Amino acid sequence: MKIVFAMNMRTNDLAHGNESIFDSIFDGLYRLEELGFGIAASDEAMNQPTILFYYPIAQGNPFQSLYYSEFFSNGTLPVGVREIDDIIPFRLPVNAYFHLHWLGGVIGDTENNDVAKSRIADFVKKISTLKSNGVKIVWTVHNILPHDSKLKQAQIDLRVELIKLVDIIHIMNDDTQRLAEPFFEIPSEKIISTPHPSYRRFYPSVVSRVESRFQLDIPQNSSVFIFFGSIQAYKGLEDLLNAFEKLQLINPEIYLLIAGKVVNKSYFSSLRGRINSNNSIRLIDSRIANENVQYYFSASDYCVCPYRISLNSGVAHLSHTFNIPVIAPNIGGFRTLLEEGGGLLYDNDNLDDLYEVMKTALVTKFNGDDIELIDSKYDFRKVSKDFHDKLVLSKIKGGFDNV
């Protein structure tokens, strides 16, 4: 008898090598057949089952869970892949996709160009083998290049080689092609576009502002800015500190919440002293548990994303999940999202403008209902269904070989 412990999800088992990927495929296809998506349904493409392998598995990040949330009920089995080698031997009797997400792990943290070239060649060989096995290759462009990448040219070379092989390139904002142009070309004919999803209904949202500020020891009548998420150099925390300290000179009642795990420790060490010496800054330098995210946003008036570079930002959508307006640079996904309302944009080429926009925010009224209306356009179930249909249905109606 198989005993399943609480939260011992199949995806977690796959990520840790505790589940056979073959068992997941076999059981998943059986369950799809129970839903009416059987291999025998060859006369109707829409009723044929499909497998979507995805790599790497992002544990602790709900993005993949949200993006694939409507796949199973629409005849597509999402299966996380721990190692690409695990699926290379398969010759499957159904249509199959291999969906690549973040590419940072391909080259890794090596600073040796020869090692990087070897890893790229090995990766390309594996993708080529999958493609020759009849698997369609999909890549979601989460970022142009890895943030703080060490071997920039190697990262560019990796993407150039990958683009030659992929069948479909998924983008989440219309600026992606333009922003990628200085580094690599994204062919228009390979693109499908669906946005970053909202996190509404994923994170609990039941605590009040009064309770949240009590728990975080923040005065009830203060104005609170929040910086949320992993602390890395490209996210511009230093720029936010400069703007916040300047704003304190004219409004000493403001507070700043900094909540997230420190990824770049050498960068953060230069800022820690300033943060610790400011009594109006609350620092929680660790990963925030899902059930506690609500306290930080419920306690806040504005979410600041002072990123120096960005393509897509989950934090902005997370802020809107709690009806909190966003202050962000006028680039990439921020511009696409905030041009509709729900926050303020500042000039990314003028860091003084961050201070000016934060000052403007203090006297600007934002309507939570308006933010919720904007956020509803990014409902994760709508986004998932749209992505599924663009990826799978529109691509197989004319025959899988025509992708």
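Only the coordinates and a few stated rules stand behind these numbers; no lab work does. All figures in this text were calculated on a predicted structure; none of them were measured in a lab. Cβ coordinates were reconstructed from backbone atoms using ideal geometry, including for glycine residues, and neighbour counts include every protein chain displayed.
Cross-link list 246/359; 126/164; 152/190; 117/265; 235/377: which exceed 19 angstrom alpha carbon to alpha carbon? The partial results should precede the final answer.
Values: 246/359 10 Å; 126/164 14 Å; 152/190 24 Å; 117/265 28 Å; 235/377 26 Å.
Over 19 Å apart, Cα to Cα: 152/190; 117/265; 235/377.
I'd like the projected area of region 104-191, averaged over all directions, using the convex hull of its alpha carbons. Report it in nm² with one decimal.
Working: hull surface 22.3 nm².
Seen from a random direction, the Cα hull of region 104-191 projects 5.6 nm² on average.
With charges set only on the Cβ (+1 for Lys and Arg, -1 for Asp and Glu), what does the dipole of region 253-323 come to about its Cα centre, in debye to the nearest 20?
So the magnitude is around 360 debye.
Given H placed on each backbone N at 1.01 Å, which residues far from residue 174 in sequence or on other chains put an amide H within less than 5 Å of it?
Here nothing satisfies the definition.
Using amide H atoms built in the peptide plane, which far-off residues or other-chain residues are under 5 Å from residue 192 H to H?
Hits under the 5 Å cutoff: 169, 170, 171.
So for the chain, averaging the separation of alpha carbon pairs under 8 Å that are six or more residues apart and normalising by length, what relative contact order in percent results?
Values: 651 pairs, mean separation 60.3, N = 403.
Contact order relative to length: 15 percent.
What's the center-to-center distance, using Cα atoms, between region 260-287 and region 96-116 in Å?
30 Å
Can you list residues from other chains, or at least 5 along the same chain, whose modelled amide H is less than 5 Å from the amide H of residue 54?
Amide H neighbours of residue 54: 79, 80, 81, 99.
With θ set to phi - 60°, apply the Karplus curve 6.51 cos²θ - 1.76 cosθ + 1.60 along region 374-384 and write out the HN-Hα couplings as whole Hz, x wherever there is a Gly or Pro.
3J(HN,Hα) across region 374-384, in whole Hz: 4, 5, 5, 5, 10, 3, 5, 6, 5, 5, 4.
Which ordering of 102, 139 is given by a fewest-first count of other beta-carbon atoms within 10 Å?
102, 139
Calculate one ³J(HN,Hα) per residue across region 88-93 by plugging θ = phi - 60° into the Karplus curve 6.51 cos²θ - 1.76 cosθ + 1.60, and present them in order as whole Hz with x for glycine and proline.
Result, ordered by residue: 4, x, 6, 10, 9, x Hz.
Helix 352-361 sits at what angle to the longest principal axis of the chain, using alpha carbons and giving 0 to 90 degrees rounded to 10?
Helix 352-361 and the main axis of the chain meet at about 80 degrees.
For the chain, which longest stretch is free of loop sites, where a loop site is one of the GluC sites (Glu not before Pro) that DSSP puts outside H, G, I, E and B and that has at most 14 other Cβ atoms within 10 Å? Please report the intermediate quantities before stating the final value.
Numbers: sites that count: 44, 83, 111, 185, 253, 339, 340.
Value returned for the longest uninterrupted segment is 254-338.
Can you give the angle from 0 to 90° between the axis of helix 152-165 and the longest principal axis of the chain, with both taken from C-alpha atoms, to the nearest 10?
40 degrees
Taking 0.36 nm per residue of sequence separation and subtracting the Cα-Cα distance, how much length would be gained by fully extending the chain between residue 365 and residue 131, in nm to one decimal?
79.0 nm
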